[in-house]
Amino acid sequence: MTLDRIALITGANQGVGFQVAKELVANGVTVLLGSRDAAKGAAAAQEIGEGALPIQIDITDSASIHAAQARIEREFGRLDLLVNNAGISRAARSDGDFLEGYAAANKASTASLDEIRAVWETNVFGTLAVYQAMLPLLRKSSDARIVNVSSGVGSLTANADPSYPYHSMYGPVYPASKTA
Ligand SMILES: NC(=O)c1ccc[n+]([C@@H]2O[C@H](COP(=O)([O-])OP(=O)(O)OC[C@H]3O[C@@H](n4cnc5c(N)ncnc54)[C@H](OP(=O)(O)O)[C@@H]3O)[C@@H](O)[C@H]2O)c1
């Protein structure tokens with residue numbers, strides 16, 4: 001008998017993560033829909049329906065990561081797929097255009113170190129923390145996969161070409177965090 005595959009997607013209450021959750025469930029995967037806000041995660045899982053189970057996980061909070069790991073261990077005993085999707089492009093939410101003025105304010109010579117630390121805390125160290133915590137569960141799968149959601153703006157290959165449309169915005173905040 002083939003058991004359902006079990007996936008954990010971080011930051012899956014909206015955006016890319018939510019869509020990936022929806023499509024994996026449609027393909028028969030049991031999806032643990034990660035959300036730092038439990039209520040948002042419950043609402044998103046309910047919208048997808050059977051096969052999507054909400055799980056609270058804030059990737060910058062070690063206690064939250066380890067509670068999620070313990071729950072997955074207890075309820076499933078393994079993980080087949082980890083999608084490291086949760087990410088932020090800036091420290092504070094803003095309704096403004098992300099690209100407008102971005103390059104000038106976010107060069108190595110101008111970027112705020114607090115801004116760099118905040119974005120790297122989520123995109124790099126948070127992602128690494130989830131990876132380390134979930135690895136023992138992934139090792140119990142016979143066919144484990146890890147998907148790290150990066151970005152074209154973090155691609156060193158693309159950015160090596162000066163005509164790449166996002167070349168001018170490459171800097172230490174979001175783009176370099178996605179490279180990392
Ligand atoms: N959209 C794009 O054009 C694009 C392009 C390339 C790559 N990406 C990458 O795709 C991924 C998803 O982006 P998106 O556009 O879907 O963004 P989004 O709509 O802002 O969704 C980001 C998700 O990450 C969650 N998140 C943020 N910080 C978190 C934390 N500390 N712990 C747990 N969850 C956290 C958010 O939770 P809340 O709802 O609570 O804020 C949200 O669920 C990111 O890694 C991003 O870098 C996006």
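Split the accessible area of segment 5-78 by element, probe 1.4 Å, and carbon with sulfur accounts for 51%. Relative contact order for segment 14-130: 22 percent, from Cα pairs under 8 Å spaced at least 6 residues apart, divided by residue count. Note on LYS22: lysines with a C-alpha under 21 Å away, same-chain residues under 8 apart excluded, are LYS40. Angle of helix 38-48 to the longest C-alpha principal axis of the chain, folded into 0 to 90 degrees and rounded to 10: 70°. For segment 79-140, what's the relative contact order in percent, using C-alpha pairs closer than 8 Å and at least 6 residues apart? Rounded, it is 59 percent for segment 79-140.
Taking the Cα atoms only, what angle lies between the long axis of helix 62-75 and the longest principal axis of the chain, rounded to 10 degrees? Tilt relative to the chain: about 30 degrees. If R0 equals 25 Å, the separation of the Cβ atoms of ALA70 and HIS167 corresponds to a calculated FRET efficiency of about 0.05. Normalising by residue count, segment 109-151 has a Cα convex hull of 70 Å³ per residue.
Taking label positions 7 Å along the Cα-Cβ direction at both GLN19 and ASP143, the computed distance is 2.6 nm, reported to one decimal.
Modelled this way, with points 7 Å down the Cα-to-C-beta line, the labels at ALA39 and LYS107 are 4.4 nm from one another. Per residue, the chain reaches -11000 deg cm²/dmol at 222 nm when only DSSP H runs of four or more residues are counted, each adding -39500 (n - 2.57).
Averaged per residue, what accessible surface does segment 44-168 expose to a 1.4 Å probe, in Å²? Write down the numbers at each step before the final one.
Details: 7260 Å² over 125 residues.
Per residue, segment 44-168 has an accessible area of 58 Å².
Across the alpha-carbon atoms of the chain, the computed radius of gyration and Dmax are 17.4, 58 angstrom.
The values are calculated or read from the model by the stated rules, or taken from the named source; none is laboratory data. Keep in mind that what you see is a predicted model, and the values were worked out from it rather than measured. Neighbour counts run over all protein chains shown; Cβ positions are idealised from the backbone, glycine included. Remember, those area values only see protein heavy atoms, side chains included, never the ligands or the DNA or RNA. Shrake-Rupley method; radii C 1.70, N 1.55, O 1.52, S 1.80 Å.
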